[in-house]
Ligand code: B16
Ligand code: MG
């Protein structure tokens, strides 16, 4: 393994709560309730696909122009939250693990659907730890399509079999496998059934003698 590719939301930071607050505000303006359970459906899904799901939940039809306006409005609300994030919001064990990878000469890439990925990494102070960024700005196909992880490997100049993916979403695990990469699920085994190994968080992983050791 020469490279690690990380999903962002749910793996490095918990931005799902900010996506939720922003979509909830949009739903409320449109006159319906959007619950935390509904929000689970949006994890790892692109912004426009998320909006389609939201409108479907509310049983609302709007024209394409209005959809773009709503997505833009949601993003402005979301940005108002993420621009207040602090370095303390990097999830437990992540920073130490990124440093360990760096010390062991293992390359690091991001593989996220978000168009705000760089803003978030910068905001929490870990942007410099990434050798490459594949995100919603340089990838068009959403997970479970493998494009985002293929792009990450390409930017690291590594073949797929040399890369390991860290993902919290079922669609992300599938995307990693379709890219020909092994995948560590971050979260619950009951949900991430297809992952090669599952761990609760990054306090469960270390590097010993150049090899990854996971207490899954
Ligand atoms: P944006 P990930 C995903 O991030 C989120 O899980 C998903 O809820 C969001 O809609 C998507 O990014 C797009 O985000 O509106 O910032 O472009 O898990 O792929 O890192
Ligand atoms: Mg995620």
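With a Förster radius of 25 Å applied to the beta-carbon distance between residue 161 and residue 194, the computed FRET efficiency rounds to 0.90.
Any idea how far apart residue 211 and residue 79 come out in nm if each label point goes 7 Å out from Cα toward Cβ? That separation, rounded to one decimal, is 4.8 nm. Does region 115-156 come out rounded, prolate or oblate by the C-alpha gyration tensor, with a ≥ b ≥ c the root eigenvalues, rounded set by a/c under 1.5 and, if not, prolate when a/b is larger than b/c and oblate if not? Oblate.
Taking label positions 7 Å along the Cα-Cβ direction at both residue 49 and residue 178, the computed distance is 0.8 nm, reported to one decimal.
Taking the centroid of alpha carbons for each part, region 163-208 and region 1-65 are 21 Å apart. Extension gain for residue 62-residue 141 works out to 26.1 nm (0.36 nm per residue, less the C-alpha to C-alpha distance).
Axis angle, to the nearest 10 degrees, between helix 16-30 and the longest C-alpha principal axis of the chain: 10 degrees. Ordering of 128-141, 25-38 by packing is 128-141, 25-38, highest average first (other Cβ atoms within 10 Å, averaged per residue).
Under 1.5 on a/c is rounded, so check that first for the chain, then, if it is not, pick prolate when a/b is larger than b/c and oblate when it is not; a ≥ b ≥ c are the square roots of the alpha carbon gyration tensor eigenvalues. Prolate, because a/c is 1.5 or more and a/b exceeds b/c. In degrees from 0 to 90, rounded to the nearest 10, what is the angle of the helix 94-103 Cα long axis to the longest principal axis of the chain? Orientation of helix 94-103: about 40 degrees from the principal axis.
Give me the percent relative contact order of the chain, please, defined on Cα pairs under 8 angstrom at least 6 residues apart. Computed over the chain, the figure is 24 percent. Looking at region 131-216, what % of the alpha carbon pairs are farther apart than 20 Å? I get 35 percent for the Cα pairs in region 131-216 exceeding 20 Å. Taking every alpha-carbon pair under 8 Å whose residues sit at least 6 apart, region 92-216 reaches a relative contact order of 21 percent. Between residue 128 and residue 96, the FRET efficiency estimated from the beta carbon spacing at R0 = 22 angstrom works out to 0.90.
Based on the mean of other beta carbon atoms within 10 Å per residue, what is the order of 41-48, 95-102, most packed first?
Ranking the peptides 41-48, 95-102 by packing returns 41-48, 95-102.
The stretch between residue 118 and residue 86, if pulled fully straight at 0.36 nm per residue, gains 10.1 nm over its current Cα-Cα span.
Every number here is computed from the coordinates shown, using simple stated rules; none is lab data. Note that the structure is a prediction, hence the values are computed from the model and not measured. Note that we place each Cβ from the backbone using ideal geometry, even for glycine, and neighbour counts take in every protein chain shown.
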